[in-house]
1. Is there any pair with a first residue in the stretch 65-83 that is polar (S, T, N, Q) and a second that is part of a helix (DSSP H, G or I) whose Cβ atoms are under 6 Å apart and which are 6 or more apart or on different chains, and what are they?
2. Would it be correct to say that Asp56 is surrounded by fewer than 19 Cβ atoms within 10 Å (Cβ to Cβ), farther than 18 Å from Glu152 by Cα, at pLDDT 95 or above and in contact with a strand residue (DSSP E or B) (Cβ under 7 Å, 6 or more places away or on another chain)?
3. Select, from Tyr144, Tyr171, Tyr194, Tyr136, the only residue that is free of Cβ contacts under 8 Å to residues at least 24 places away in the same chain and in contact with a helix residue (DSSP H, G or I) (Cβ under 9 Å, 6 or more places away or on another chain).
4. Give, as residue ranges, the strands (runs of 3 or more DSSP E) completely inside the stretch 1-99 that count at least 1 residues that are under 18 Å from Ala147 (Cβ atoms).
5. Select from the stretch 242-282 the residues that are among the basic types (Lys, Arg) and touching a strand residue (DSSP E or B) at 6+ places or on another chain (Cβ under 7 Å) and write down the one among them that is nearest to Val167 (Cα to Cα).
6. Only one of (1) surrounded by fewer than 16 Cβ atoms within 10 Å (Cβ to Cβ); (2) outside any loop (DSSP other than H, G, I, E, B) fails for Gly151. Which number is that?
7. Taking the stretch 282-320 as the search range and keeping residues that are under 19 Å from the mean Cα position of the chain (by Cα) and among the β-branched types (Val, Ile, Thr), which one is surrounded by the fewest Cβ atoms within 10 Å (Cβ to Cβ)?
8. Can you name every residue in the stretch 187-240 that is farther than 20 Å from Gly276 by Cβ and among the β-branched types (Val, Ile, Thr)?
Amino acid sequence: MRFIVTGSNGFIGQNTCRRLTEIGHGVIGVDDLSSGTPPNGVEGVQYHAHSVVDADWFVRLLKNAIPDAVLHLAAKPRVPYSVRNPLRSAEANAMGTLSVLNGILKAGLAEKTRLVFASSSAVCGEARVLPTPETYPSNPQSPYALAKLQGEQWCDMFHRLYGLDVVSLRYFNVFGPGALYGGDYSTVLSAWPYHLFVDPSNQPFLEGDGTQTRDFCFVDNVVEATIAASTRERGFGADVLNVGQGEAHSLLEVKDVLEQIAGRELPLERRPPRVGDVAHTLADISRAREELGFEPSIDFHAQVERTAIWHRDCYPPAVR
């Protein structure tokens, strides 16, 4: 099969491109390189340094490539970034998704190409039902979450109006090898290992009291779910599926696990809870199990250890 992967230079994009090539698929990567990280250089991937927001260019790419599926992973991620930069977040996240959908339509591929859209658990807001099913009412608490919800709605609209086959995957808190430190916008499972194993002069911090919990989903699980969604023979219509591990861990637990692995204390600067954040996330993954055969590995300690070892041994020198 042939795939276009947007956001191919990002954390999930790199891991997805690598896995797709390993199992013999053709991959075209698209990334505007706005994250500032060097091109990932996965062997066998044809790269284009361009933005999907450039609608005419993306239509031309689609017409030439005729992909079986587009994996739309490109985004300006992180809740705090979107709170500080709502317009930029909307342009990249909401308009980027609309441009991809429009491109598939204008390229004449509505009946040929499936779209897998990387949505987010953030669309649920502060869910009162845990584990949270896909049917739980959406209540976005940040511009990022709102843009992801709009992306899901655009996917549904393009299916109903034009017959596109689309599936939105609500990724929960993804972590693992390849997640680079990004300053104040980093997740704890990139910022804290960065301090412990890459740059001890960098001051890590904790927002809130650490009792907030997350359904941390290892990147290998996310990649396998994404590929399963893109290769399933039966169409989706315009479905929405949760992709998590189905278990939650507190930030204090993450701290403890990292300290055990590092053999030393993780000194955290305490900060107030961040605006737009939620206290708890936990995915109900029963539908992903049913629709994708999704059975995530859930050895959290081993997953954190793999993440730590990557930071220690493989962190790119160019972005240290």
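The values are calculated or read from the model by the stated rules, or taken from the named source; none is laboratory data. Every value quoted in this text rests on a predicted model; they were computed, and no experiment measured them. Positions of Cβ are backbone-derived with ideal geometry, glycine not excepted, and every protein chain shown enters the neighbour counts.
1. Ser82/Ser89; Ser82/Pro143; Ser82/Tyr144
2. Judged against the criteria, Asp56 is not a match.
3. Tyr136
4. Numbers: elements: 2-6, 26-31, 45-49, 69-72.
Once the strands (runs of 3 or more DSSP E) in the stretch 1-99 are filtered for at least 1 residues that are under 18 Å from Ala147 (Cβ atoms), what remains is 2-6, 69-72.
5. Arg274
6. Here Gly151 meets the rest and fails (1).
7. This residue is Ile298.
8. Correct list: Val198, Val219, Val222, Val223, Thr226, Ile227, Thr231, Val240.
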